[in-house]
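Structure first, commentary second.
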Amino acid sequence: MKSFRISLIVCLLFIIALNKISAQKVGVVLSGGGAAGLVHIGVLKALEDNNIPIDYITGTSMGAIIGGLYASGYSPDDIAKILDDEEFIQVSQGKIPDKYVFYFKHPEEYASWLRLRFSIKDNLIKNIPVNVINSVPIDFFLLEKFIHSNFKKNFDSLFVPFRCIAADIENKQKVIFKDGSLSDAIRASMSYPFYLRPLLLNGKLYYDGGLYDNYPTDVCYSEFYPDIIIGSDVSDNHIPPEDDNIYLQIRNMMMTKKDTTKKCDNEITIKPYSTNNIFDFESARSLIDSGYIATMRKLPEILKHIHRFQNKYELQLKRKHYNEKHKEVIVKDVQITMLNRQSPHFIRKSLISSKENIPFTEFKKRYYRLASDERIKFMYPRVVPLDSNTARLDILAKYEKPFYFDIGGVVSNRPVNEFFTALQYHHLGKVGWSIYGNAYLGRLYNGALGKIKLDIPAYNPFFIEAVTCYSRWDFYKSSTLFFEFKKPSYLIQEDNYQELNMGIPLGTKGIFSWGGGIANWINFYYQDINFTNKDTADVTNFNYYYFQSNIDINNQNRRIYANNGSRLFIKLKYIKGKENFVPGNLAPDKTPVNNMFHKDWLYIKLFSDNYIRTIKKIKLGYYFEYAFSTQDFFSNYTSTILSAPAFYPTVESTTLFLPNFRAYHYFVLGGKSVTTLFSRLDARLELYWFQPIQAIINNNYKADFAQPLVYQNIAGSGSLVFHSPLGPVAFSVNYYKNAENNFTFFFHFGYPIFNRKSLE
């Protein structure tokens, strides 16, 4: 009997111990810390690899993103793939992912360094930007990654129960999110002040949870009461303010000092090593490895407290079963709420038509297409579930301020310095329209352009625009360097045109446009360099009309000095006009030409400019250009060569008149090598072969054709380019075969980009 009682007691104790072991719960806490928080992925992976269960997860800021992904059924490998992808790097910088950038919405590139947006109705404070990056891309990224979790009733219904923290700075307190929209909660938790817009939710503004609780072990304990807390902590503990660092001053005013006291008897803190900048997400792999290694070093201590294990393969099957229930979400409706009294019609018509059901993957393309429009300031999407896999999208939106002011130009060692300014007014209603004007002032180029543009929103949008442009080029004043003594050729060009164009998108990267116009093109020149300021120049005046169509497919990453992407441009142009020639006192032939009709001619031009990645820091590029014109000769050689299609082999060549790189019929082959020395510093080598099919030659001051393929030309450039936030700073040595100066040195800051010429 006694032995029976002992056996019964032992059995009861064994059952109690077994229940206690099986009931052991593990909570994981992931701190904030910006990009350094990527170490959390390695921590989660190490825990899974060693069969350590994760029953609850709590996070702040970057820890909320990674914890939320894990709680939503993503594996550590899935999370690593998502956050180490170029798409995440771009959205974290406020950029629309390259493959979704809608080129049709991009404004024409000019010489602007800086764009200021303002409203004359707002005071100065309201015109100051409140965030560094555009939050639209990261907002949609979060919605997409957590879209299925947004259908859950609360955060306890996720694959792993989850909590995250945001800051309510109005009431000076932290807020714990445990239900509602998961993407809203995580977006609130990561709203880093001045970097991202704060989240407006239920009438309150929420900021980064790290302001009040950057390492929320207390929340994990009070919400879940785990037996063990394993924390990954990369949060810094209050860096003191500095007298010349406004960021640290504001941060210290707002942030509460981290509480380092243990909240649980069995609390283990892992401190992975990281030196990353808070916004530098480009070193994900090394950070993930750092988290994994730090966890493995802590593993003996962790195993002392763990009595219950989760088989890794059983966990994978459980996760697979959880995710298999998810179906693609169908968007059945969109509701737009504007933050002011503006019409939502333009946004709605750009996203969805009436009675249309859109798969979310298709809606994503349309959303980013609309977000590519610089007139959209802000859009925040929320999913409203309708049933198991259909939803309505509620979008909180605001148009950009109606006025844009641009300033820019070129600063150079040569007398081609330019001042550029532009002003634009736009309005978005049932249709979008804008009025734009720019002006250039310089020694080489003076010009002005005005444009009225109408944008029609639809699934297949299109635009109509009216353009007027005046340009004056003075190659005589701008051709000499301070150490040159050669007498330059006298050449002044005036160009005035008005045109009407229409355009539609070609996929996400292309535009097809067509239109026509009238133009007046005047050249003042001497046919011989032996002239004085008392002589009278020759004048060629060409009045004409034209029709044109263009295809432009472009995903290059920069206006000039690109090192990534490709561009294909095709132009077809029909021209008909008449020439007037007034000879100067030095003209070899002093017979004037009045209203000489040229036969109509067709002009075709195409070029392809492509970059190929070889190894991480080296890109190779290839270039091809072809031009063909059926035009006949003008009254003399100089006026003929001035009207001929031109190839501009280098950035500097846009500021030069190079007659040996002009012909009616030619092709170009080129090769480029770009080495990225640092993140913004490139070393470039470029070489081009220019082959006229029949070169235009000077035959006793008259134009004539040379024998086919007799003449060739070569141009090349070696340059060092720093891509500053305002524009490129470039030093280049250039070579032009058969030019007056074979070698040139060109320094410039800014964009040598000018208003288009009418014949181009």
Of (1) modelled with pLDDT of 90 or more; (2) of a type outside the set (S, T, N, Q); (3) surrounded by fewer than 17 Cβ atoms within 10 Å (Cβ to Cβ); (4) over 18 Å from the mean Cα position of the chain (by Cα), I120 satisfies all except one. Which?
-> (1)
State whether the residues of the range 159-179 include one that is open to solvent by less than 20 Å² (accessible area, probe 1.4 Å), assigned to a loop (DSSP other than H, G, I, E, B) and either touching a Phe, Trp or Tyr at 6+ places or on another chain (Cβ under 9 Å) or within 30 Å of T654 (Cα to Cα) (or both).
-> yes
Kindly provide the set of residues from the range 697-749 that are farther than 18 Å from N413 by Cβ, of a type in the set (S, T, Y) and touching a strand residue (DSSP E or B) at 6+ places or on another chain (Cβ under 7 Å), ordered by number.
-> Y711
Mind listing whichever residues of the range 32-49 are buried (at least 24 other Cβ atoms within 10 Å of the Cβ), of a type in the set (A, V, I, L, M) and under 23 Å from D208 (Cα atoms)?
-> A36, L38, V39, I41, V43, L44
Looking at (1) open to solvent by less than 50 Å² (accessible area, probe 1.4 Å); (2) modelled with pLDDT of 90 or more; (3) charged (D, E, K, R); (4) in contact with a Lys or Arg (Cβ under 8 Å, 6 or more places away or on another chain), which is the one condition that is false for K332?
-> (1)
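For the range 208-219, indicate whether the set of residues that are of a type in the set (A, V, I, L, M, F, W, C), at pLDDT below 90 and either outside any loop (DSSP other than H, G, I, E, B) or open to solvent by less than 30 Å² (accessible area, probe 1.4 Å) (or both) is non-empty.
First pass over the range 208-219, keeping only residues of a type in the set (A, V, I, L, M, F, W, C): 211, 219.
Checking which are at pLDDT below 90 leaves us with 211.
In the following step, the residues that additionally are either outside any loop (DSSP other than H, G, I, E, B) or open to solvent by less than 30 Å² (accessible area, probe 1.4 Å) (or both) were identified as 211.
Yes; the residues of the range 208-219 include at least one that is of a type in the set (A, V, I, L, M, F, W, C), at pLDDT below 90 and either outside any loop (DSSP other than H, G, I, E, B) or open to solvent by less than 30 Å² (accessible area, probe 1.4 Å) (or both).
Have a look at I41, I54 and point out the one that is in contact (Cβ under 8 Å) with a residue 12 or more places away in the chain and either in contact with a Pro (Cβ under 9 Å, 6 or more places away or on another chain) or of a type in the set (S, T, Y) (or both). Before the answer, list the steps.
Details: I54 fails: either in contact with a Pro (Cβ under 9 Å, 6 or more places away or on another chain) or of a type in the set (S, T, Y) (or both).
Selected residue: I41, the only one of I41, I54 that is in contact (Cβ under 8 Å) with a residue 12 or more places away in the chain and either in contact with a Pro (Cβ under 9 Å, 6 or more places away or on another chain) or of a type in the set (S, T, Y) (or both).
Among the listed residues Y611, Y622, which satisfies the condition of being of a type in the set (S, T, Y) and surrounded by fewer than 16 Cβ atoms within 10 Å (Cβ to Cβ)?
Values: Y611 fails: surrounded by fewer than 16 Cβ atoms within 10 Å (Cβ to Cβ).
The conditions single out Y622.
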Is it true that some residue in the range 535-557 is in contact with a Pro (Cβ under 9 Å, 6 or more places away or on another chain), part of a loop (DSSP other than H, G, I, E, B) and either open to solvent by less than 70 Å² (accessible area, probe 1.4 Å) or under 30 Å from P107 (Cβ atoms) (or both)?
-> no
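Between A644, A663, A703, which is within 19 Å of E740 (Cα to Cα), of a type in the set (G, A, S) and open to solvent by less than 30 Å² (accessible area, probe 1.4 Å)? Outline the logic, then answer.
Working: A644 fails: within 19 Å of E740 (Cα to Cα); A703 fails: within 19 Å of E740 (Cα to Cα).
Only one candidate qualifies: A663.
Residues in the range 730-739: is at least one free of Cβ contacts under 8 Å to residues at least 24 places away in the same chain, outside any loop (DSSP other than H, G, I, E, B) and in contact with a Gly (Cβ under 6 Å, 6 or more places away or on another chain)? Please lay out each step first, then the result.
Taking the range 730-739 as the starting set, the residues that turn out to be free of Cβ contacts under 8 Å to residues at least 24 places away in the same chain are 731, 733, 735.
After this cut, where a residue has to be outside any loop (DSSP other than H, G, I, E, B) as well, the list is 731, 733, 735.
Right, trim to in contact with a Gly (Cβ under 6 Å, 6 or more places away or on another chain) and you get 733, 735.
The answer is yes, given that some residue of the range 730-739 is free of Cβ contacts under 8 Å to residues at least 24 places away in the same chain, outside any loop (DSSP other than H, G, I, E, B) and in contact with a Gly (Cβ under 6 Å, 6 or more places away or on another chain).
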Scanning the range 604-619 residue by residue, the ones that are over 21 Å from the mean Cα position of the chain (by Cα) and under 30 Å from L572 (Cβ atoms) total 5
Can you pull out the residues in the range 687-715 that are under 28 Å from R613 (Cα atoms) and in contact (Cβ under 8 Å) with a residue 40 or more places away in the chain?
-> Y688, F690, A715
Over the range 402-433, the set of residues assigned to a strand (DSSP E or B), within 27 Å of K377 (Cβ to Cβ) and touching a helix residue (DSSP H, G or I) at 6+ places or on another chain (Cβ under 9 Å) is L428, G432
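Restricting the range 396-409 to residues that are of a type outside the set (F, W, Y) and crowded, with 21+ Cβ neighbours inside 10 Å, which is nearest to G432 (Cα to Cα)?
Applying the first criterion (of a type outside the set (F, W, Y)) to the range 396-409 yields 396-398, 400-402, 406-409.
Checking which are crowded, with 21+ Cβ neighbours inside 10 Å leaves us with 397, 408-409.
Numbers: A397: 16, G408: 26, G409: 28 Å.
The extreme case among them is A397.
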Would you say F512 is aromatic (F, W, Y), more than 25 Å from T640 (Cα to Cα) and modelled with pLDDT of 95 or more?
-> yes
Index of the failed condition, L423 passing every other in (1) touching a residue at least 60 places away in the same chain (Cβ under 8 Å); (2) hydrophobic (A, V, I, L, M, F, W, C); (3) in contact with a Phe, Trp or Tyr (Cβ under 6 Å, 6 or more places away or on another chain) | (1)
Looking at this structure, is L500 touching a strand residue (DSSP E or B) at 6+ places or on another chain (Cβ under 9 Å), surrounded by fewer than 16 Cβ atoms within 10 Å (Cβ to Cβ) and either at pLDDT 90 or above or not in a strand (DSSP E or B) (or both)?
-> yes
Reported set for the range 59-92 where residues are β-branched (V, I, T) and out of contact with any Asp or Glu (no Cβ under 7 Å at 6 or more places or on another chain) is I65, I66, I79, I82, V91
The listed residue being open to solvent by 30 Å² or more (accessible area, probe 1.4 Å) and either polar (S, T, N, Q) or in contact with a strand residue (DSSP E or B) (Cβ under 6 Å, 6 or more places away or on another chain) (or both), out of S471, S434, S412, S388 | S388
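The values are calculated or read from the model by the stated rules, or taken from the named source; none is laboratory data. A quick note: this is a predicted structure, and the numbers were derived from the prediction, not measured. We place every Cβ from the backbone using ideal geometry, glycine too, and count neighbours over all the protein chains shown. For the accessible areas, the whole protein counts, side chains as well, though only heavy atoms, and no ligand, DNA or RNA atoms are used. Shrake-Rupley method; radii C 1.70, N 1.55, O 1.52, S 1.80 Å.
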